[in-house]
Amino acid sequence: MITITYVTITYNAAATLRRTLDSILRQDYPHIQHLIIDGASTDDTLRMVDDYIARSNAADNGHDVQVTSEPDHGIYDAMNKGLRSATGDYVCFMNAGDFLPADDTVSRIVSSVTLTPLPAVLYGDTDIVDNEGNFLRHRRLCPPEKLTWRSFRQGMLVCHQAFYARVDFAMQNPYDTTFRYSADVDWCIRIMKQAEDEGIPLQNLHRVVANYTEEGQTTQNHHASLRERYRVMQRHYGIIQTFLLHCWFMVRAVVQR
């Protein structure tokens, strides 16, 4: 049976963590490993995690929940810690505030996998929710029918939370911690590049597999993130093509106003 590893990165996340934990706890699929990588929280995060572990054990749902709490060097350092501990067939990062849309989401994901060998990536759609978990809209950027590493020239068409990477590919491509905001984009592209090089397919799940909490970012971080993402695109698509693509993005934005 396919095992799914979820990695949840936390730091003082008690305000939003409960719905993430509950959505995984309620999954009717037993072969789930849930790694909670905490950055030494000082609020109620760890108490909430302890309660979650107790509830998971009482439910006898087959889930393997593990928690680590220690200082880290940022979110991507924490994600790499999660990768090193992942023992499932696929890994997905589901952070505090994000959650699975239904109790049978994982069952449906696994039952959709019919290819041999196992696809390098399983990917799906994402809905955006508010801070209370209420539906706002379907994510504007949607995955194409046939995803490749070149697809991300048009933006991150698959949300990080809807990108299930085969663990062997994920471990061979740890997050580049020189990036502070966009290492997830780089990570997804590198995994898809390796998959193409090895002739391993990617599979579209044709369903919403994640609810993503819309977060408010400061303008400073937003601009820094955009600059960093430009560097990621230059790395993979070249200087000239990245420049021309961004010129087109700006023209399109003006036309759509």
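The values are calculated or read from the model by the stated rules, or taken from the named source; none is laboratory data. Quick caveat, the model's predicted, so the values are computed rather than measured. Ideal geometry is used to build each Cβ from the backbone, glycine not excepted, and the neighbour counts take in all protein chains shown. All accessible areas refer to the heavy atoms of the entire protein, side chains included, with ligands and DNA or RNA removed. Shrake-Rupley method; radii C 1.70, N 1.55, O 1.52, S 1.80 Å.
Candidates in region 1-16 are the residues that are open to solvent by 40 Å² or more (accessible area, probe 1.4 Å) and in a loop (DSSP other than H, G, I, E, B); of these, the one that is farthest from GLN161 (Cα to Cα) is MET1.
From the list TYR212, TYR181, pick out the single residue that is touching a strand residue (DSSP E or B) at 6+ places or on another chain (Cβ under 7 Å) and not in a helix (DSSP H, G or I).
From the options TYR212, TYR181, the qualifying one is TYR212.
Being in contact (Cβ under 8 Å) with a residue 60 or more places away in the chain, on the phi < 0 side of the Ramachandran plot, surrounded by fewer than 20 Cβ atoms within 10 Å (Cβ to Cβ) and not in a strand (DSSP E or B) is not true of ASP168. Whenever a residue of region 60-72 is under 12 Å from TYR11 (Cβ atoms) and modelled with pLDDT of 95 or more, its partners that are exposed (fewer than 15 other Cβ atoms within 10 Å of the Cβ) and not β-branched (Val, Ile, Thr), lying with C-beta atoms within less than 6 angstrom and at least six residues away or across chains, give the pairs SER69/ALA40; GLU70/ALA40; PRO71/ALA40. Looking across region 17-41, just one residue is among the charged types (D, E, K, R) and open to solvent by less than 10 Å² (accessible area, probe 1.4 Å), and that is ASP38. The set of residues from region 106-116 being part of a helix (DSSP H, G or I), more than 30 Å from ASN12 (Cα to Cα) and not small (Gly, Ala, Ser) comprises ARG108, ILE109, VAL110.
Regarding PHE179, is this residue within 25 Å of LEU244 (Cα to Cα) and open to solvent by less than 10 Å² (accessible area, probe 1.4 Å)?
Working: within 25 Å of LEU244 (Cα to Cα): yes; open to solvent by less than 10 Å² (accessible area, probe 1.4 Å): yes.
For PHE179, the condition - within 25 Å of LEU244 (Cα to Cα) and open to solvent by less than 10 Å² (accessible area, probe 1.4 Å) - is met.
Name every residue in region 82-105 that is assigned to a helix (DSSP H, G or I) and buried (at least 20 other Cβ atoms within 10 Å of the Cβ), in order of residue number.
Step one: of region 82-105, the residues assigned to a helix (DSSP H, G or I) are 82-85, 105.
Passing the criteria: GLY82, LEU83, THR105.
Among the residues of region 146-159, those that are modelled with pLDDT of 95 or more, farther than 18 Å from ASN95 by Cα and not in a helix (DSSP H, G or I) comprise LYS146, LEU147, THR148, LEU157.
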